[in-house]
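Derivation of every value follows stated rules applied to the coordinates shown; laboratory data play no part. Small disclaimer: the values here were computed from a predicted structure and weren't measured. Cβ atoms come from the backbone with ideal geometry, glycine included; neighbour counts cover every protein chain shown.
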Amino acid sequence: MSEIDKDIQDMIRQNNQWINNLFYVKEEIHFLKTFIKSDIFKKYKSEIGNTLSLFSDQLDELNTQHKELYLSLYQHQKDIQGLRECDDIHCETFYHEFHTNKGINMESFMEHYNHTKKDLYTLVLTYL
């Protein structure tokens, strides 16, 4: 197996991990949206209703970002194969940097998502 084939295989494996992580995040966002709208918070509505509304908006924004990132990674899965066509180091560098940037985007999204989720859990634990 050539070095480029190994690189492609590693990039595809990593990209698949990112896509799999996003699958679970999608399910969690749906759960959290349903949870904060549940009757369990009805008696606290006057105290935290606005905060829950803000969390709902944040989850909507995360859902939008999730869709964009998922589509980007799905397309990237196909684009990775273009590395095979490279005939110089500049082309290979372009693909590696592009892949690295996808990872940075994924990491940034996950940090934002996890921070939002932690803040929501902290609020919920205060009232339940």
- Task: Would you mind checking the tilt of helix 45-79 against the longest principal axis of the Cα atoms of the chain, expressed as 0 to 90 degrees and rounded to 10?
- Result: 10
- Message: With +1 assigned to the C-beta of every Lys and Arg and -1 to the C-beta of every Asp and Glu, and no other charges, what is the dipole magnitude of segment 1-71 about the Cα centre in debye, to the nearest 20?
- Response: 500
- Counting Lys and Arg as +1 and Asp and Glu as -1, each charge on the Cβ, what is the dipole of the chain about the Cα centre in debye, to the nearest 20? 1000
- Message: Could you identify which residue out of Asp57, Asp88, Asp79 has the top mean-square fluctuation in a GNM of the chain using Cα springs shorter than 10 Å?
- Response: Asp88
- In degrees from 0 to 90, rounded to the nearest 10, what is the angle of the helix 3-36 Cα long axis to the longest principal axis of the chain? 10
- Can you tell me how much longer the chain between Asp60 and Tyr74 gets when fully stretched, taken as 0.36 nm per residue apart minus their C-alpha distance, in nm with one decimal? 2.9 nm
- Please determine, in degrees from 0 to 90 and to the nearest 10, the orientation of helix 89-127 with respect to the longest principal axis defined by the Cα atoms of the chain, where the helix direction is its Cα long axis. 10
- Among His66, His112, His99, what is the fewest-to-most ranking by other Cβ atoms within 10 Å? His112, His66, His99
- Greater than 29 Å apart at Cα, pairs in Lys26/Lys102; Lys78/Lys118; Lys42/Lys118; Lys45/Lys102; Lys42/Lys102; Lys45/Lys118: Lys78/Lys118; Lys45/Lys102; Lys42/Lys102
- Label-point separation in nm, His96 to Ser2, each point 7 Å along Cα→Cβ: 1.6
- Residue span Tyr127 to Arg84: 0.36 nm per residue of separation minus Cα-Cα distance leaves a gain in nm of 9.9 nm
